[in-house]
Amino acid sequence: MITAPSPAPPTPSARRRWTVLAVCCLSMFLVGLDTTIVNVGLPAIGRGLDIDTRGLEWTVDAYTLVLASLLISSGALADRFGRRRVFQCGLAVFGTASLLCALAPSAGVLVTARALQGVGASMLSPVALAIVVNAMPDPRERARAIGVWASVFGLSMAAGPVTGGALLAWLDWRALFWINAPVIAGALLLSAVFVPESRAERTRRPDLPGQVLLTVVLAAVVGVLIEGPHVGWTSPAAVTGYAVAVTAAAGFVRVESRRPEPLMDLRLFRRPVFTGAVLGAVAVFVALNMTLLLNTLYLQHTRQWTPLAAGLATLPLAAGATVFAPWSGRLVARTGPRLPLLLAGGLVTAGGLCMAGLTSHTSVFLLLTAYALIGAGFGFANAPITNTAVNGLPPARAGVAGAITSTARQLGAAVGIALAGGLVSGIDAAGLAHASRPGWATVAGCGAALFVIAHLSHPKPVAAAAPSPVGGA
């Protein structure tokens with residue numbers, strides 16, 4: 001007897017699909033906000049808990065480092081146990097860690113709580129995008145959704161300093177973490193009502209050795225960048241760090257190349273387009289995070305601006321990221337990733353060059369112009385990088401590609417903070433502007449790298465490839 005095939009699950013209505021996007025964007029806003037909101041409060045945190053520049057770097061990078069390490073594994077857990085379930089678990093962990101940050105009595109507790117925040121955030125970023133992709137099967141609609149997603153993420157990261165500055169004007173640095181409570185409560189309620197449960201048709205086995213080795217590699221690289229200026233680049237501690245990073249990286253490649261279901265499919269790096277997108281993701285986030293940290297230290301220490309004024313100075317950056325990210329998504333859907341990547345490269349390069357000759361008396365107009373250019377470049381970059389990474393890949397591999405790109409973004413954030421902190425650590429207020437010039441040259445170099453990525457990218461519109469990414473934007 002021939003049985004009729006089971007009917008396909010009904011496609012959600014357009015209103016419900018965009019409601020799901022809005023709920024998931026709320027969580028993405030939270031992840032991005034906590035990546036940067038702490039930056040403007042670093043001087044206040046340092047005074048409150050008696051932390052030096054090196055400790056402040058760890059306060060920021062403990063979050064981004066753990067987030068980068070666990071993104072892929074969290075996505076795999078969501079595929080296996082249910083995306084909404086893991087998403088809500090991530091919200092709960094993130095909320096608990098935020099409370100611990102707000103109550104932290106010492107630097108050690110704060111850094112540990114920030115790492116726990118990274119654990120929760122890792123369950124939000126890739127899982128939320130997987131939920132969105134599952135709800136939007138049409139590739140053109142998905143491209144527009146990714147543009148909105150990138151806009152929200154760009155807004156959250158760029159709005160962090162503004163929000164932090166406002167909180168510090170009326171409250172103290174602990175309010176930077178208390179603010180998460182209402183956002184988490186709203187996201188938990190809305191996800192229970194509107195977000196459907198979904199799982200991958202085929203789940204991957206956990207790769208514990210790969211996860212451990214990846215974490216060691218990232219921690220060793222970022223640790224050396226943060227501690228190197230203090231202990232000496234040729235000191236026994238630094239040399240040990242180099243050895244650990246190289247050994248763990250070699251072990252990771254060996255383990256991943258031999259596993260049938262690796263944490264990270266290294267064969268993807270044989271494609272120049274994919275490798276370029278990953279490097280582009282690192283470059284964009286190095287540039288953004290160097291900009292935010294150098295900005296807050298320069299304005300508050302050298303120019304003696306208040307945290308609120310320093311945060312408001314980044315409004316042009318936030319505006320550029322917000323306005324141009326949706327436009328970038330539409331350009332990717334219509335013409336492919338090359339044009340928005342070229343625009344992103346030109347804008348970020350110009351913004352970095354504006355600051356290359358920074359002094360203690362650089363005009364405010366030039367500062368704001370540089371921030372606007374970098375923000376616009378950031379807005380143009382995110383959607384084409386995501387689509388370049390997954391374009392032309394089979395759906396089964398596109399999810400891993402998206403997750404690797406998300407990991408690259410967070411690695412770039414951690415490296416950007418470490419590099420910027422290393423340049424200005426121990427420098428007095430009078431010399432900070434001159435000491436930060438190599439950092440602004442690095443920002444310009446990151447923009448120039450996007451020109452190379454643009455020429456590697458496939459010019460074909462998104463609709464022809466119809467990828468199904470499940471990694472973070």
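The values are calculated or read from the model by the stated rules, or taken from the named source; none is laboratory data. Quantities reported herein were computed from a predicted structural model and do not represent experimental measurements. For neighbour counting, all protein chains shown are included, and Cβ atoms are generated from backbone atoms with ideal geometry for every residue, glycine included. For accessibility, only protein heavy atoms count, side chains too; no ligands or nucleic acids. Shrake-Rupley method; radii C 1.70, N 1.55, O 1.52, S 1.80 Å.
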- Any idea which of (1) over 21 Å from Leu65 (Cα atoms); (2) of a type in the set (Ser, Thr, Tyr); (3) touching a residue at least 12 places away in the same chain (Cβ under 8 Å) is the one Tyr242 doesn't satisfy? (1)
- Note on the structure: Within the range 75-92, residues over 14 Å from Ala185 (Cβ atoms) and open to solvent by 10 Å² or more (accessible area, probe 1.4 Å) come out as Gly75, Ala76, Leu77, Asp79, Arg80, Phe81, Arg83, Arg84, Arg85, Val86, Cys89
- Task: Give the number of residues within the range 162-174 that are assigned to a helix (DSSP H, G or I) and free of Cβ contacts under 8 Å to residues at least 12 places away in the same chain.
- Result: 1
- Message: Test of understanding: among Leu343, Leu292, which residue is under 13 Å from Phe378 (Cα atoms), in contact (Cβ under 8 Å) with a residue 24 or more places away in the chain and surrounded by fewer than 24 Cβ atoms within 10 Å (Cβ to Cβ)?
- Response: Leu343
- Residue list for the range 430-461, filter: open to solvent by less than 40 Å² (accessible area, probe 1.4 Å) and at pLDDT below 85: Ile453, Ala454, Ser457
- Task: Would you check if there is a residue in the range 15-30 being modelled with pLDDT under 75 and either open to solvent by 10 Å² or more (accessible area, probe 1.4 Å) or aromatic (Phe, Trp, Tyr) (or both)?
- Result: yes
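Table: residues versus (1) open to solvent by 60 Å² or more (accessible area, probe 1.4 Å); (2) modelled with pLDDT of 75 or more; (3) among the basic types (Lys, Arg).
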position	(1), (2), (3)
Ala181	no, yes, no
Leu190	yes, yes, no
Pro196	no, no, no
Ala200	no, no, no
Asp207	no, yes, no
Gln211	no, yes, no
Ala220	no, yes, no
Ile226	no, yes, no
- For the range 230-285, what are the residues that are polar (S, T, N, Q), assigned to a helix (DSSP H, G or I) and either closer than 19 Å to Gly412 by Cβ or open to solvent by less than 70 Å² (accessible area, probe 1.4 Å) (or both)? Thr275
- Scope the range 93-117; condition open to solvent by 50 Å² or more (accessible area, probe 1.4 Å) and either of a type in the set (Ser, Thr, Tyr) or under 14 Å from Ser27 (Cα atoms) (or both); matching residues: Thr96, Thr112
- Item | Residues of the range 324-338 that turn out to be open to solvent by 50 Å² or more (accessible area, probe 1.4 Å) and within 9 Å of Phe380 (Cα to Cα), as a count | 2
- Query: If you take the residues of the range 306-317 that are open to solvent by 10 Å² or more (accessible area, probe 1.4 Å) and of a type in the set (A, V, I, L, M), which of them is nearest to Leu368 (Cα to Cα)?
  - Reply: Leu315
- Query: Within the range 348-385, which residues are of a type outside the set (Ser, Thr, Tyr), open to solvent by 10 Å² or more (accessible area, probe 1.4 Å) and assigned to a loop (DSSP other than H, G, I, E, B)?
  - Reply: Ala356, Gly357, His361
